[in-house]
Ligand SMILES: Cc1ncc(COP(=O)(O)O)c(C=O)c1O
Ligand SMILES: [Zn+2]
């Protein structure tokens with residue numbers, strides 16, 4: 001058996017099944033691979049010849065009985081961010097732009113691509129999720145594409161644009177009174193009582209592997225090398241853990257040279273249980289009640305919080321959190337320098353980068369990648385102040401010159 005589920009605490013192994021925790025010690029189950037064989041098989045040149053989707057790394061993703069999905073998820077741009085780099089004083093800065101991921105404009109499209117492929121393998125006809133918004137969009141879109149029935153459970157106070165897109169797909173949206181953590185508890189109960197493949201509950205070991213493709217793509221787009229530093233937003237702590245796993249795996253199978261890559265985590269101050277754990281160095285993650293406008297990162301009891309903190313510490317990285325005001329400044333800085341409009345999570349990432357530079361935790365000259373994971377059109381409330389008091393003019397040249405060139409109408413140089 002080249003792939004199994006394995007407990008990352010006690011090492012117990014199991015065949016693939018829709019289960020999330022180890023039956024012996026209740027710690028998370030994870031997909032494990034036969035790296036020695038893959039080291040013999042995998043070559044960069046072969047991967048480079050494959051279609052530009054996240055499934056070009058198929059050997060390092062959960063094996064599928066039903067074949068590789070053909071929808072073009074992943075392979076988002078890695079941008080050399082010269083202007084943002086200048087503003088921050090980082091000459092070697094890149095942005096991985098998952099704000100334009102297909103089909104629903106966040107990195108969650110990656111995890112859902114894996115989870116739904118496995119849901120089909122396991123014979124589920126109906127799938128669902130507990131979501132802070134982006135996952136809801138990704139499940140709604142891709143369940144529709146695969147003709148699967150789906151149900152999406154969300155906290156009732158999510159941003160309207162995230163609810164709006166979900167409501168337009170062929171899916172059932174259920175608003176729940178409470179926080180994401182309440183929604184997640186309900187979804188866990190549903191997996192015991194209903195025949196449902198919940199992507200981030202009973203399909204979680206497979207779902208979470210999809211996040212590794214962010215790390216694989218960064219390395220390939222850098223010319224098959226690891227960055228020195230990467231800054232990643234954290235909610236449940238899965239994405240950052242899997243980027244760490246991806247970098248390790250690439251070195252293990254010989255696709256990149258092994259070298260240290262510092263992994264840095266970013267949260268909003270109003271919901272920062274993982275950053276707090278990293279900063280105070282304790283072993284106990286203390287759950288919080290979220291109090292921030294950055295809803296996509298509002299998970300007070302993160303499922304992979306311990307793991308994320310461990311990976312950050314082991315990599316020589318760090319974690320920080322920023323206020324909602326700093327987040328808004330981060331969103332506008334990225335938009336004004338690179339023309340990339342990101343949501344709250346991206347604002348947090350940019351603002352934490354600035355803070356970590358000031359603290360000298362991040363090295364200015366090092367090759368650094370910021371993970372921008374979601375699209376700004378989904379969180380307009382954070383920046384609507386930018387549209388207040390915008391001027392309106394008469395459709396006349398004189399009105400234009402008064403406002404824009406700030407001078408009296410100039411004589412028309414052409415024929416009169
Ligand atoms: C845009 C965005 N970025 C980052 C994250 C954090 O991902 P994770 O929950 O894997 O830590 C989320 C989670 O919902 C998200 O929506
Ligand atoms: Zn175990």
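Please report, ordered by residue number, the strands (runs of 3 or more DSSP E) entirely within segment 64-160 with at least 2 residues that are free of Cβ contacts under 8 Å to residues at least 60 places away in the same chain.
In segment 64-160, the matching strands (runs of 3 or more DSSP E) lie at 149-155.
Yes/no per residue for (1) more than 26 Å from residue 126 (Cβ to Cβ); (2) within 16 Å of ligand 1 (Cβ to nearest atom):
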site: 20; (1), (2): no, yes
site: 43; (1), (2): yes, no
site: 48; (1), (2): yes, no
site: 61; (1), (2): no, no
site: 98; (1), (2): yes, yes
site: 110; (1), (2): no, yes
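Could you say whether any residue in segment 352-363 is within 16 Å of ligand 1 (Cβ to nearest atom) and either more than 17 Å from the chain's Cα centre (by Cα) or touching a residue at least 60 places away in the same chain (Cβ under 8 Å) (or both)?
Yes: one or more hits.
If you go through segment 68-75 one residue at a time, do you hit one that is touching a helix residue (DSSP H, G or I) at 6+ places or on another chain (Cβ under 7 Å) and within 16 Å of ligand 1 (Cβ to nearest atom)?
The answer is yes, given that some residue of segment 68-75 is touching a helix residue (DSSP H, G or I) at 6+ places or on another chain (Cβ under 7 Å) and within 16 Å of ligand 1 (Cβ to nearest atom).
Take the residues in segment 4-43 that are away from ligand 2 (no atom under 16 Å from the Cβ) and within 25 Å of the chain's Cα centre (by Cα); name whichever of them is farthest from residue 118 (Cα to Cα).
Per the stated criteria, the residue is 33.
Specify which of the listed residues (139, 183, 127, 201) is more than 16 Å from ligand 1 (Cβ to nearest atom) and within 22 Å of the chain's Cα centre (by Cα).
127
Evaluate the following for residue 263: is it part of a loop (DSSP other than H, G, I, E, B) and touching a helix residue (DSSP H, G or I) at 6+ places or on another chain (Cβ under 8 Å)?
no
Please pick out the residue among 99, 81, 138, 87 that is away from ligand 2 (no atom under 16 Å from the Cβ) and more than 30 Å from residue 367 (Cα to Cα).
Checking each option against the conditions leaves just 138.
Would you mind finding the one in 226, 203, 196, 239 that is in contact with a helix residue (DSSP H, G or I) (Cβ under 7 Å, 6 or more places away or on another chain), at pLDDT 95 or above, surrounded by 22 or more Cβ atoms within 10 Å (Cβ to Cβ) and farther than 22 Å from residue 117 by Cα?
Criteria check complete, one pass: 226.
Applying the selection to segment 35-58, what residues are assigned to a helix (DSSP H, G or I), in contact (Cβ under 8 Å) with a residue 60 or more places away in the chain and either touching a strand residue (DSSP E or B) at 6+ places or on another chain (Cβ under 8 Å) or more than 16 Å from residue 221 (Cβ to Cβ) (or both)?
35, 38, 39 - these are the residues of segment 35-58 that are assigned to a helix (DSSP H, G or I), in contact (Cβ under 8 Å) with a residue 60 or more places away in the chain and either touching a strand residue (DSSP E or B) at 6+ places or on another chain (Cβ under 8 Å) or more than 16 Å from residue 221 (Cβ to Cβ) (or both).
Six or more apart or on different chains, Cβ under 6 Å: which pairs go from a residue in segment 1-16 that's farther than 18 Å from residue 122 by Cα and without any contact (Cβ under 8 Å) to a residue 24 or more places away in the chain to one that's part of a loop (DSSP other than H, G, I, E, B) and within 16 Å of ligand 1 (Cβ to nearest atom)? Could you list them?
none
Does residue 366 count as part of a helix (DSSP H, G or I), touching a residue at least 40 places away in the same chain (Cβ under 8 Å) and touching a strand residue (DSSP E or B) at 6+ places or on another chain (Cβ under 7 Å)?
No: the conditions fail for residue 366.
The values are calculated or read from the model by the stated rules, or taken from the named source; none is laboratory data. Keep in mind it's a predicted model, so treat the numbers as computed, not measured. Don't worry about glycine lacking a Cβ; one is built from the backbone with ideal geometry, like all the others, and counts go over all protein chains shown.
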